[in-house]
Amino acid sequence: MLRPLEMAHQFLAEVITKEDIVVDATMGNGHDTLFLAERAKKVFAFDIQEQAIEQTRTRLEMAGLTNAELILAGHEQLDIYVEEVKAGIFNLGYLPSADKSIITQPNTTILALEKLCQRLVLGGRIAMMVYYGHEGGVCERDAVLDFVSQLPQREFTVTIYQTLNQINHPPFLLMLEKLKEYNHG
Ligand SMILES: C[S@@+](CC[C@H](N)C(=O)[O-])C[C@H]1O[C@@H](n2cnc3c(N)ncnc32)[C@H](O)[C@@H]1O
């Protein structure tokens, strides 16, 4: 069975082509940026920490990839950089190797998600890994669940992928797809 992050990548890989613009909303150590850069035409990757930019730049250089723009800014500003997007990924929470007090925040996460939903092309997809074991994580989890639950079903399909029998706070995955055709049902 796929782990949530593996499922996130598979979900996005199904729609990304070499013609597409995609977004990594939480660059961190650059694992997702690399994954996207290998498949898309161009990646716009965001993080508020210089360390994330450096780690990701190194990772991409080692892979010989030059099609990612690494942006030192909050993902809530993504509308300044992108217009039409085929796919996007969020990994909420903190960067494990860095200051654990620097975490994604409910209000900016929702703002970014809302903007990305608006810019998503028909048939486009967003994957969001929700980590909520840290302080403030439950608040963000609930805000995100509230937001995605209210997306109109005629425009988006929203799915959750979550293990139900694990101890502690296993992360779960939200998958959003913007429908290709207006759903009259
Ligand atoms: C769980 S980590 C991301 C891990 C990353 N996807 C990887 O592959 O290593 C979360 C990241 O979100 C970043 N972050 C926090 N607030 C942010 C914001 N408003 N905009 C963009 N990134 C933010 C943190 O600095 C941290 O690097």
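The values are calculated or read from the model by the stated rules, or taken from the named source; none is laboratory data. Only a predicted model underlies this, so the values are computations on that prediction, with no experimental measurement involved. Reconstructed Cβ throughout: ideal geometry from the backbone, glycine too, with neighbour counts over all protein chains shown. Protein only, heavy atoms only, side chains kept; ligands, DNA and RNA dropped before computing areas. Shrake-Rupley method; radii C 1.70, N 1.55, O 1.52, S 1.80 Å.
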Pairs from LYS41/LYS100; LYS100/LYS178; LYS42/LYS180 whose Cα-Cα separation, in the structure shown, is over 30 Å: LYS41/LYS100; LYS100/LYS178
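Per Stokes-Einstein, at 4 °C and 1.567 mPa s, what whole-number D in µm² s⁻¹ belongs to region 4-178, with the Kirkwood radius over Cα pairs as the hydrodynamic radius? Write down the numbers at each step before the final one.
Numbers: Rh = 16.0 Å.
Approximately 81 µm²/s, per Stokes-Einstein.
Send over a whole-number figure in Å² for the accessible area per residue of the chain, probe 1.4 Å.
Numbers: 9590 Å² over 185 residues.
With the other protein chains kept in place, the chain gives 52 Å² per residue.
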Heavy-atom accessible area order for CYS117, CYS139, largest first, 1.4 Å probe: CYS139, CYS117
Helix-only mean residue ellipticity at 222 nm for the chain, each DSSP H run of n ≥ 4 adding -39500 (n - 2.57), per residue, nearest 500: -9500 deg cm²/dmol
Anisotropy class of region 1-67 from Cα gyration tensor, a/c 1.5 cut: oblate
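Go through region 94-169 and name the GluC sites (Glu not before Pro) that are in a DSSP coil and have 16 or fewer other Cβ atoms within 10 Å of their Cβ.
Working: sites: GLU114, GLU135, GLU140, GLU155; in loops: GLU135, GLU155.
Filter output for region 94-169: GLU135, GLU155.
Using a 1.4 angstrom probe on heavy atoms only, work out the carbon and sulfur share of the accessible area of the chain in %.
Values: 4860 of 9590 Å².
Whole-percent figure for carbon plus sulfur exposure: 51.
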Region 76-144: translational diffusion in µm²/s, Stokes-Einstein, Kirkwood Rh over Cα pairs, 37 °C, 0.692 mPa s: 257
Calculated FRET efficiency for the pair LEU65/ALA98, C-beta based, R₀ 30 Å, to 0.05: 0.85
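What is the antiparallel percent of DSSP beta bridges lying wholly in the chain, to the nearest 5? Intermediate values should be presented prior to the final figure.
Working: 14 of 32 bridges.
Expressed as a percentage, antiparallel bridges in the chain total about 45.
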